[in-house]
Every structure is written in C-alpha cells, then in structure tokens.
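The values are calculated or read from the model by the stated rules, or taken from the named source; none is laboratory data. The structure displayed is predicted, hence computed values, not measured ones. Cβ atoms come from the backbone with ideal geometry, glycine included; neighbour counts cover every protein chain shown.
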Amino acid sequence: MDNLLFNQLHDPNVRWVATGALLIGMAAAVVGCFAFLRRQALIGDVLAHAALPGVTMAFFLTHSRDWSVLLLGALGSTITGWAMIEFLTRRAGMREDSALAFTLSFFFALGTLHLTWIQRNVPAHSAGLDSILFGQAAAVTPDELLRLGVLAILVLLTIVVLFDRLKLVLFDRQFALCIGMPVRFYELVIALLIVLTVVIGLQLTGVILMAALLLTPAAAARLLSHRLGIIVPLAGLFGAIAGLIGAQASLMAPRMPTGPWIAVAISLIFFASLATSFLRRVKRVRSARA
Amino acid sequence: MNPDCALSIEHLEVSYHHDPVLQVRDLCLPASQRIAILGPNGAGKSTLIKAVLGLIPACADGVRFLGQPLRQMRRRIAYVPQRSEIDWDYPITVAETVLMGRYAHLRLLQRISHEDRRIARDAMEKLGIADLANRHISALSGGQQQRCFLARAIAQQADIYLFDEPFAGVDIKTEKAIAKLFEQLSKEGKTIISVHHDLNTVESYFDYAVLLNRRLLASGPLHQTLTNHHLAQAFGGIVLKRLN
C-alpha cells in the first residue's frame, strides 16, 4: 500500500505532482463544459491532435525536452489548427464535421511522420518524446507540472469571472447580439481557453485521449443536472478526480502512459452518472403513475 | 427621420445568394401601437425583424428606432425569437432565462443585483410562470415556453418589443396572457411590433398592420390596410372569403 498517492503526500514531489494533475484535470473539464454546450464537442479532440507537429518541431529546433519549450510549440500549432478550422468553415464554406476531420488527420499525420523521423535520426535526445501521444505525468518534472497548474488556475479564474456572460452567449447568441454584448469577444475567449487547456493537459493525457478529459466530465455532469451552475463545478470535480487518478497511476507505474488510466477512470464516472440518471427517470415515471 | 416613429426605414434590402427576398422603402411605424407584420409564408416577415436588428446581413439605409440608430438603442429594444430557434436542451432554468433580460443594462463585469432579481420575478409573475421558476426550459409546455421568453423581454424593460410569431402553437391561456400583455405595454406607451400569421385574430390583438410580400404593400391602421385590395395583393384571392 506504500505506493498509494495518499500515503506519499509527505513527499513534496508527490504533493506537487498531485496538485498539478488535479488542477489541470479540473481546468480541462470545466472548459470542456463550454465546448460541449457549443455543440463543438470534437473541437478539443482536433486541437489536441493538432498540437503534435508543434511539439515535434519545437524539439527538432531546440533539441530540448524542457516542457515549457514544447508547450510553446504545441500552442503555436494548436492555434494554427484552430485558424484552419475557422478558415475552412467560414471562408471555404466547408461543413464543420468535414473541416474537423480533415484538420485532425492532416496535423496528426504530419506530427507522426516528424516524430518517426526524429526517433530514427536524433535517437540520443528523443527517448520518451513519444510519451506525448498517450501522456505521462511522470515524464514532467514536478516544477513544470506546477507551472502548468498555475496556468490552469488562470483558466479557472477566467471562467469564474465570465461565467454568467459565457452562459448567456452560448445559450442565445442572437439575444446577446441584440442587447449589444461583445459576442465575438466572448467566443474568442472560449476558443482561447480551449486551446490553452488542451495544451496544458497534453502531458497528462496525451494528444490522443485529450478529448476524454475535456468532454467526458461535461457529458457525465450534464446527465446529473440541468443547471449550468451545478454542471460546471461537478464536471470540475470529476476532472480533478481523473487528474488524481492519473497522478496515482504514474506513481505506481512510472513507465506506463497516464492517458488511458485517466480516460478509463473518467469513463467509469460517466457510466455511474448514466446509471444514476436512468434510475432517477425510472423512479419519476413510477411516481407519476402512482 | 421622424422621432415619432418607433421604427423608421428609409431603405432596406435583403438578398439570399443575390436573389432579393425583401425590399422596404419609406416605412414609419408609429410609437405606442400594437403593430402586426402580416404576409404569406416566405414574404419576409421574420427577415424584416432580423434585418432591422442587424442579425442578418442587409443593405440598410436610415434605419432608426425612435429617431436613433440601432447602436444607441440596443438595450431599449427587446426581441423574442421564434420558439424553433431556441436550443431547448441547454441546461438552464426558467428563472435564469428570464434574468438574462437584465444583462442589457449591465456594464462589463457588473453583477446581477437584488433589484434585477426582483424585476425578473415580477416579470415571471406577470406572465403566470413564477411557480415554474426552477424548472428546466424543456420541461415546459409550448405556451409556457413562449411565456418564459416574453417574461425575459419584459424583464429587459425595453421601449420597443419585437416578437416573432408569439401566438404560434400556444394554448388558449397563453394566447390570452399575451393579448393582455400587449394591451398593458401599449398603454404604458411601449411599441409592439409582432410577426403574425392568423388574419382572423389580427383585429383583436393589434391596432396597426404592415402587409408584406417580399416588398412593402401597405402599412397603416387596420381599417386602412386590411382592405380586400391589399389582402389580395399579399395573399392572392383565397383569403377574401375567410374575412368576409
């Protein structure tokens, strides 16, 4: 039982990792609620995949494994991916699902090719670079994870401050425009928050399973409540639990990727919510009949 | 530019794919009236409302509300869209929806006050949905949903109200509530501009009518506009029998 997170909290390293993972999980889940409500559930998935070529390019140019450097690369290519989706849907008149599918495969293919090339040709430094695919909390130093945690706090604070406005704009865009709210500004804020959380969540879940951390908590919380003021904190709680499970996994099996652990844990929470909402509905129907 | 007009339009043209779907010239809708926008399907009734609110692209010249351009009047104009345009799945309650009307008067980052909550509660009571305050919006009947969005418009405390088919598919109770609301608002000096589809009820709920069929056919008090000549122009011969 020694390798339980709870029993190791006296170790400051473990404490930092746990705190960072918790904050990142929470921020991703909370921001994910807004992507979910915008009916853009898949955009986080696409943006996470779009980060891959940025990470490999940052490594290729600097030969550094410092996560702050890789993060800048990820940020650059994620924003490029987002701009591409906007261009394809707004200017080129492409349907959104096609634009998302195209952007995802294009960026991911580029990134995978580059990653393979790097592993062949720069083997000395690149060991473990592929942990970006499925995430590995243990591959980040506690110091870096904490820095990501601070970014996550900033994301969460932005949401707290703008919560009511974002709720309104997402619900009824036309009404928001009518009463003169800066709708495009709020939409840009949401897009930037999604980009930022995707990038800071990458090391925890990896590009392939990032969507699980963004969307599954929101979907699970939506099943349990019809009030946004409850759904968002509840999703945040689920995300925090998933983050802790990721930290626990990396403590028990440091070489194993953390992404699948997190995705499975959050899916179990989802199934529990599904069962709860189903039972509630059955109960309501029965009491309505009685 | 007459400040007595609640809404005045010098020239407005809306096109879809270079095909003009609505053309309006020199329209003045008087303030403190209950105004129906009438016309057959596809006449451009909703298009007119959305175009003057800047919700769809349009070539517009000299569109004024009470003599002012839209930009300065936004918070004083309340708009209730068609029910089909709302995302009924969205996690929001009746009370939260009605409270949104108050955001028209809030500055950036300003919070909802007790006074705002009281105004929203009054609006819900006025429309008989106060007991539904904590319900999710999808757990309402069609008429209750309509009243919820009317309450949001009332909570906004506007001077001009634009409604898109408020009477469509609602129950008798809601129909009466809306009619009473229209009467009250116009007594308070507010202007109601509402897309309407039922010629049989125009005279009970409105004072003034605008007839459209892709262009402006007539506008004026009911007895001037609802003439056989104008109605035939708008709808063709079919409606004549029904009215007479």
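Numbers below:
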| read-out | value |
| --- | --- |
| Which numbered condition B:Arg117 fails, given (1) over 25 Å from A:Leu37 (Cβ atoms); (2) free of Cβ contacts under 8 Å to residues at least 40 places away in the same chain; (3) charged (D, E, K, R) | (1) |
| Conditions (1) over 13 Å from the mean Cα position of the chain (by Cα); (2) buried (at least 22 other Cβ atoms within 10 Å of the Cβ); (3) touching a residue at least 40 places away in the same chain (Cβ under 8 Å): number failed by B:Ile192 | (1) |
| Selection within segment B:109-133 - more than 8 Å from every other protein chain (Cβ to nearest Cβ), farther than 24 Å from B:Ala177 by Cβ and of a type outside the set (D, E, K, R) | B:Gln110, B:Ser113, B:His114 |
| Residue within segment A:157-167 that is touching a Leu at 6+ places or on another chain (Cβ under 6 Å) and away from chain B (no Cβ under 14 Å) present | no |
| Index of the failed condition, B:Phe163 passing every other in (1) over 17 Å from the mean Cα position of the chain (by Cα); (2) touching a residue at least 40 places away in the same chain (Cβ under 8 Å) | (1) |
| Selection from segment B:70-96 of residues that are more than 8 Å from chain A (Cβ to nearest Cβ) and without any contact (Cβ under 8 Å) to a residue 40 or more places away in the chain | B:Leu70, B:Gln72, B:Ser84, B:Ala95 |
| Test result for A:Arg184, modelled with pLDDT under 90 and within 14 Å of chain B (Cβ to nearest Cβ) | no |
| Neighbours by Cβ (under 6 Å, 6+ apart or cross-chain): first from segment A:239-263, farther than 17 Å from A:Ala152 by Cα and assigned to a helix (DSSP H, G or I); second polar (S, T, N, Q) and at pLDDT 85 or above | A:Ala249/A:Thr258; A:Ser250/A:Thr258; A:Gly259/A:Thr205; A:Ile262/A:Thr205 |
| Residue among B:Arg215, B:Arg135, B:Arg152 that is among the charged types (D, E, K, R), closer than 21 Å to B:Arg34 by Cβ and in contact (Cβ under 8 Å) with a residue 12 or more places away in the chain | B:Arg152 |
| Condition broken by A:His226, with the remaining ones in (1) part of a loop (DSSP other than H, G, I, E, B); (2) surrounded by 15 or more Cβ atoms within 10 Å (Cβ to Cβ); (3) in contact (Cβ under 8 Å) with a residue 40 or more places away in the chain satisfied | (3) |
| Failed condition for B:Lys50, given (1) within 14 Å of chain A (Cβ to nearest Cβ); (2) modelled with pLDDT of 90 or more; (3) more than 30 Å from B:Leu199 (Cα to Cα) | (3) |
